[in-house]
1. (1) farther than 17 Å from residue A:177 by Cα; (2) within 11 Å of chain A (Cβ to nearest Cβ); (3) within 17 Å of the chain's Cα centre (by Cα): which one isn't true of residue B:204, the others all being true?
2. What's the number of the condition residue B:210 fails, among (1) more than 20 Å from the chain's Cα centre (by Cα); (2) within 14 Å of another protein chain (Cβ to nearest Cβ); (3) loosely packed, with under 12 Cβ neighbours inside 10 Å?
3. What number goes with the only condition from (1) under 18 Å from the mean Cα position of the chain (by Cα); (2) closer than 18 Å to residue B:154 by Cα that residue B:232 does not pass?
4. Looking only at segment B:175-201, how many residues end up being in contact (Cβ under 8 Å) with a residue 60 or more places away in the chain, surrounded by 24 or more Cβ atoms within 10 Å (Cβ to Cβ) and at the interface with chain A (Cβ under 10 Å from one of its Cβ atoms)?
5. How many of the residues making up segment A:194-208 are more than 14 Å from chain B (Cβ to nearest Cβ), surrounded by fewer than 24 Cβ atoms within 10 Å (Cβ to Cβ) and among the small types (Gly, Ala, Ser)?
6. Can you pull out the helices (runs of 4 or more DSSP H) entirely within segment A:172-260 that have at least 2 residues that are in contact (Cβ under 8 Å) with a residue 60 or more places away in the chain?
7. Residue B:262: assigned to a loop (DSSP other than H, G, I, E, B) and either surrounded by 14 or more Cβ atoms within 10 Å (Cβ to Cβ) or within 7 Å of chain A (Cβ to nearest Cβ) (or both), yes or no?
8. What number of residues within segment A:83-112 are farther than 13 Å from residue A:132 by Cβ and within 7 Å of another protein chain (Cβ to nearest Cβ)?
Amino acid sequence: MHISDWFSRKPKYAVLKPEKREIPEGLWTRCPKCLEILYNKELERNLKVCSKCGYHFKLGAWERIYQLVDDREFYELDENLESVDALPFNDGIYMEKLKEDREKTGLNEAIVTGRGRVEGFETFLGVFDFGFIGGSMASVVGEKVTRLFEYGMRENLPVIIVTATGGARMYEGMLSLMQMAKTNAALNRYRKNGGLFISVLADPSTAGVMASFASQGDVIIAEPGALIGFAGPRVIEQTIKQKLPEGFQSSEFVFQHGMVDMIVERSKLKSTIGRIIRIWKTK
Amino acid sequence: MEDEVRELTPWDKVQLSRHPQRPLTIDYIENLFEDFIELHGDRLYGDDPALIGGIGIFKNRGVVVIGHNKGKNVKENVARNFGMPHPEGYRKALRLMRLAERWHLPVISFIDTPGAYPGIGAEERGQAEAIGRNILEAFEIRTPILVVVIGEGGSGGALGIGVGDRILMLENAIYSVISPEGCAAIIWKDSKQAEKAASALKLTAQDLLRFNIIDEIIPEPPGGAHTDMVSTMRTVEEYISKNLEVICSKDIETLLEERYQKVRKIGIFEEKIGAEGRS
């Protein structure tokens, strides 16, 4: 087995990475939904939710982490795992894509995992970043998620994963697909040991990641207005040769169909997670 | 003229895996199992003809069989939704795996699907949840599971019944994270580049054996499985028999541990050791 022992490592004391992700430039941002012009500082204060229509902007992994953990303290784990062109996929285009998205997001991979407190409770937290190859899961993401469940099991701590993903990553072929099995195998053991897994579905959460651990949370929370499902809407439209109804595969749609426990606004996400952990902790 | 036969490209194999005459799950069931009794329904919503299942006898041993099933012609294909299951199919498969567990029978799972169906009803009834749950629970099914990829292994729709103790794959079958056409459409914005994508994706049995994703390749007759059904059936029977012996002779705790470790090891990456980024 290939488990890095995070104990043996020196914790990275709140080495909070600078926010390399581009915040919309300038002072103002237009809400893509209601077209309201929003003052950036105000938008930040409002956790990147439109104050007029409630539209939830996509968040970078670190933005999300800062919103969830106490005192902005987060100890990143397994940041030293790096993707390689394992197949290799058609003359290096994968490595180019990785390089491009590393520069674009300032991240090493499509998920950041680590340990932090939420509402006073120690947790293991993983956050996907859709900006990094569509938040896709390949070997590194699968390994980091798997380890997160293993750490959670060892420490008897909750695991929280926020997804924003288009599914398994093509560039690592079947190695990516098999991460669905690997992560779920680890989740299975974690659950059997009484673990608490909170799956938070941000926009979008689809395909291979949804068809593995993300749909199997003990508690599943959706952010308002997220796209959630198995197949992407374009694929469905091409298959059935008709237009999809308004709101199909939205958070509200999957809630109605019993796939998620609740839809929680961003301003209440942290406190909701805290309330769930508090009850679980009394066991 | 053996030496004139060129080696098949990945794209050739994609074509062979989808060949209209290629043996289907139903053919293996008819030829390899004695007294197969089909069982229907997921007990929740409906029955899915794209994923069939039941009980039967394989060489004097009771077994549970599940498998995607395409049709032999257009009419059958429409009825069977081209082997693309809805959530009901996956839930039926899980129900039958649980039945196998209670009866202490091994499960044999045949994979042959373009993928799980992308449709309105499938989404409404939780396609992702159904596949995710099957994968999750397969790791706790306390009975041996043998998986045989006979044709197309289409992504999550294949993996939904694809977790097991031994994964066998026919020589010209494919197993891929995305269809070559889908991949080409995303990367090169042109589904006609599918041939290039088929090579890039490393979706052949030979590739997957190299990555330890499958355990063994079942050889096919020279022109492909459909050119000599008798020989194909005989070979597949022999490989199933041999592998079933192995997994049925192990105690269940060992089997579950090995099932876990097999996937736990999958993934290729670099783990940089050193002070980089460390405070």
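1. (1)
2. Exception for residue B:210: condition (1).
3. Only one criterion is unmet by residue B:232, namely (2).
4. Residues of segment B:175-201 in contact (Cβ under 8 Å) with a residue 60 or more places away in the chain: B:175, B:179-180, B:194-195, B:198-199, B:201.
After this cut, where a residue has to be surrounded by 24 or more Cβ atoms within 10 Å (Cβ to Cβ) as well, the list is B:175, B:198, B:201.
Checking the rest, the ones that are also at the interface with chain A (Cβ under 10 Å from one of its Cβ atoms) come to B:175, B:201.
Of the residues in segment B:175-201, 2 are in contact (Cβ under 8 Å) with a residue 60 or more places away in the chain, surrounded by 24 or more Cβ atoms within 10 Å (Cβ to Cβ) and at the interface with chain A (Cβ under 10 Å from one of its Cβ atoms).
5. Number of matching residues: 1.
6. Values: elements: A:173-192, A:207-210, A:233-240, A:251-256.
Answer list for segment A:172-260: A:173-192, A:207-210.
7. Values: assigned to a loop (DSSP other than H, G, I, E, B): no; either surrounded by 14 or more Cβ atoms within 10 Å (Cβ to Cβ) or within 7 Å of chain A (Cβ to nearest Cβ) (or both): yes.
Answer is no for this residue.
8. 5
The values are calculated or read from the model by the stated rules, or taken from the named source; none is laboratory data. This one's a predicted model, so the numbers in the text were calculated from it and none came from an experiment. Cβ coordinates were reconstructed from backbone atoms using ideal geometry, including for glycine residues, and neighbour counts include every protein chain displayed.
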